[in-house]
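Peer 1: Questions regarding the structure given below will be posed in turn.
The values are calculated or read from the model by the stated rules, or taken from the named source; none is laboratory data. These figures come from a predicted structure and were not determined experimentally. In this analysis, Cβ positions are derived from the backbone assuming ideal geometry, glycine residues included, and neighbour counts consider all displayed protein chains. Ligands, DNA and RNA are excluded from the accessible area calculation, which covers all protein heavy atoms including side chains. Shrake-Rupley method; radii C 1.70, N 1.55, O 1.52, S 1.80 Å.
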Amino acid sequence: MNTYVIRRKSNWKSAEELEAAASRSARVGNEEMADQVRWIRSYVIEESDGRLGTVCIYQGTDEAAIREHARRAGMQADEVIPVETTVIVRDDPAQQAKAA
């Protein structure tokens, strides 16, 4: 599988909407497309319009599978960017916070 960054801009009005979308996304990925797509993590950001957006890290067989996953989950995928390589300088602070 290849790694992709997915940018979803201003997609949700509230954390509750985002949580519902995340649940649908996990279900689609785990039950319908487990051999094509894996959701790794997402970073939630507040957009300039006050809505929530995300920067997501996924693995997928190709860009088409990533976009199909988004379609089935009812989410937009404004940008799907293939990751060339990863440079790790420090552990992910979000992961450290969960472990604490």
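Peer 1: Can you give me the solvent accessible area of Leu18 with a 1.4 Å probe, rounded to the nearest 10 Å²?
Peer 2: Spelled out: Leu18, probe radius 1.4 Å, area about 30 Å².
Peer 1: Of the candidates Ala21, Ala77, Ala64, which one comes out as most mobile in a Gaussian network treatment of the chain with C-alpha springs shorter than 10 Å?
Peer 2: Ala64
Peer 1: Another question, then. Is the shape of the chain rounded, prolate or oblate, going by the alpha carbon gyration tensor and its root eigenvalues a ≥ b ≥ c, with a/c under 1.5 for rounded and a/b larger than b/c for prolate?
Peer 2: Rounded, because the longest to shortest axis ratio a/c is under 1.5.
Peer 1: Using Cα-Cα distances under 8 Å and only pairs 6 or more residues apart, what relative contact order does the chain have, in percent?
Peer 2: Dividing the mean separation by the residue count of the chain yields 40 percent.
Peer 1: Can you find, among Gln95, Ala34, Ile81, the residue farthest towards the positive end of the dipole of the chain? Put +1 on the C-beta of Lys and Arg, -1 on that of Asp and Glu.
Peer 2: Gln95
Peer 1: HN-Hα J couplings of region 45-60 from phi, Karplus 6.51/-1.76/1.60, θ = phi - 60°, integer Hz, Gly and Pro as x?
Peer 2: Per-residue couplings from phi come out as 10, 8, 7, 5, 8, x, 7, 9, x, 9, 10, 10, 10, 10, 10, x Hz.
Peer 1: Probe of 1.4 angstrom, ligands and nucleic acids ignored: what's the accessible area per residue over the chain, in square angstrom?
Peer 2: Per residue, the chain has an accessible area of 64 Å².
Peer 1: Of the heavy-atom accessible surface of the chain (probe 1.4 angstrom), what whole percent is carbon and sulfur?
Peer 2: 48 percent
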